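See below for the structure under consideration.
Read the figures in this text as sums done on the coordinates, not as results from a lab. Quick caveat, the model's predicted, so the values are computed rather than measured. Cβ atoms come from the backbone with ideal geometry, glycine included; neighbour counts cover every protein chain shown.
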Amino acid sequence: MPSKPIIEFTDLPTSVVVDIEGIRRLNPQRFELEQVTAITLIDTDKQQIVGYKDAMEGDFWTRGHMPGFPLMPGVLMVEGAAQLGAYYCTHVNAFPGADFVGLGGVDNVRFRGAVRPGDRLWMVGQVTKHSSRMSAFEFQGYVEGRLVFEATLLGIAMKRPAE
């Protein structure tokens, strides 16, 4: 049974507050691995973030993932949520001294619908727990108001190895 919505789909803010260039200032992913197109909400009081990924006909996965009926792989949905959570953690300086935020774990993942080229995958995240080294998020993903995935993700503070 799907979880209660973090934010009702009809209440999701749609005006962009951080575009792709702003996302790139805080997140290290580039090219094919950029899985967030824009952010429409960063609420530090409620510890929520909302963003979306526009699934495009030319995305790298469309040619080989179910040829003739391309479906966004679930791992990319989870990656988009992880990138959104990492952006939030970096934005609020959740881990002072960290070089970046990495994915530390994924639990309770359920895929409940498909994301296809032309769809906008809305991702809604809520911080549920935070410590000096880890933040836990509940995430839900929607396409046209339908819940397509939900997951619990852990973001962890990471340091680059010394060269």
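On a straight-distance basis, which aspartates and glutamates could pair with LYS129 in a cross-link, Cα separation under 13 angstrom, same-chain partners fewer than 8 positions away excluded?
GLU138
Give, in nm to one decimal, the length gained when the segment between THR152 and ASP99 is fully stretched (0.36 nm per residue of separation minus the Cα-Cα distance).
Residue separation times 0.36 nm, minus the Cα-Cα distance, leaves 16.8 nm.
At 7 Å along Cα-to-Cβ for each site, give me the label-to-label distance between LYS4 and LEU71 in nm.
With each label point 7 Å from Cα toward Cβ, the separation is 3.1 nm.
How high is the FRET efficiency between MET56 and SER131 when r is their beta carbon distance and R₀ equals 25 Å, given to the nearest 0.05?
Efficiency computed from Cβ-Cβ geometry: 0.10.
Would you work out the relative contact order for region 46-125, in percent, from Cα pairs under 8 angstrom that are 6 or more residues apart?
56 percent
Quote the FRET efficiency, to the nearest 0.05, computed for GLU144 versus ASP19 with a Förster distance R0 of 30 Å and r equal to the Cβ-Cβ distance.
The value I calculate is 0.85.
Under 24 Å Cα-Cα from LYS53, which lysines qualify once same-chain neighbours fewer than 8 residues away are excluded?
LYS4
To the nearest 10 degrees, how steeply does helix 74-91 sit against the main Cα axis of the chain, on a 0 to 90 scale?
With rounding to tens, the tilt is 30 degrees.
How big is the gap, in Å, between the Cα center of region 95-162 and the Cα center of region 1-70?
Centre-to-centre distance over Cα atoms comes out at 11 Å.
To the nearest 500 deg cm²/dmol, what mean residue ellipticity at 222 nm is calculated for the chain from DSSP H runs of n ≥ 4 alone, each contributing -39,500 (n - 2.57), summed and divided by the residues?
-5000 deg cm²/dmol
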